[in-house]
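The values are calculated or read from the model by the stated rules, or taken from the named source; none is laboratory data. The model shown is predicted, which means the values in this text are computed figures rather than measured ones. Note that each Cβ is placed from the backbone with ideal geometry, even for glycine, and that neighbours are counted across all protein chains shown.
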Amino acid sequence: MYTVFVAGAHGRTGRHIVKALQKKNYKVRGLVRSETQRNKLLEWGATPYIGDLRSAFSEGLDGADAVICAVGAGDKCDPEEIDHLGTVRLIEQSQLLGVKRFVLISSMGTLEPEQMPKILKPYLLAKRRAEKVLEASTLCHTIVRPVGLTDELPIGKVSVHHEFTHSGFISRGDLAQTAVLALTLPETENTAFNLIAGDTSIAHALQSLKE
């Protein structure tokens, strides 16, 4: 059984990731912040761990084969605490505990923060700092940079590329499926890409990354 630890498991994207993993018969562990969220993960069939990236933790990571990080500061937390320092703490703990695979859900615009709305700049800069640490780590990693996220039903088709764009959207469900599939495709190893809705199946789109 392949065990995946999901940080931000109860979040709007994280919950899609948990369910997508379960459909693929992964054993899922999830990091949540409250007892209420813990109970929800239990309902979904995942193993919950209560914790916070703003403090030291390791429970749940030990013995995991992979990590998918889907945390985000949102508008209520300091992005430096969550998107940078908290994510770096997760990366470092993953290395220490022998995790083999790490998928980071980041954001389009981390390489071009000046081209994005000013309000997003602190979040993008924080996420980019975390990306740099992951890129320099010993972890086999994938950095997924989605454009604007929606709660629409997934269509199973995306476009992956390295060019920046202001336009486009991607459903959280399609983002989740992309992150889960990235765990097993060699074309996604040690790479980063932008993700928007498109007309190519997720598998074929990801396989095109190394063409």
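Quick notes on this structure:
- The range 72-91, subset free of Cβ contacts under 8 Å to residues at least 12 places away in the same chain and on the phi < 0 side of the Ramachandran plot, residue surrounded by the fewest Cβ atoms within 10 Å (Cβ to Cβ): LYS76
- Screening LYS40 against (1) assigned to a helix (DSSP H, G or I); (2) crowded, with 24+ Cβ neighbours inside 10 Å; (3) modelled with pLDDT under 95 leaves a single unmet condition, (2).
- Failed item in (1) more than 23 Å from THR150 (Cα to Cα); (2) free of Cβ contacts under 8 Å to residues at least 24 places away in the same chain; (3) in a loop (DSSP other than H, G, I, E, B), with PHE57 passing the rest: (2)
- So GLU187, is it touching a Leu at 6+ places or on another chain (Cβ under 6 Å), farther than 22 Å from ASP83 by Cα, surrounded by fewer than 19 Cβ atoms within 10 Å (Cβ to Cβ) and not hydroxyl-bearing (Ser, Thr, Tyr): yes
- Listing of strands (runs of 3 or more DSSP E) fully contained in the range 147-211 that carry 1 or more residues being touching a residue at least 40 places away in the same chain (Cβ under 8 Å) and under 23 Å from CYS69 (Cβ atoms): 148-150, 157-161, 191-197
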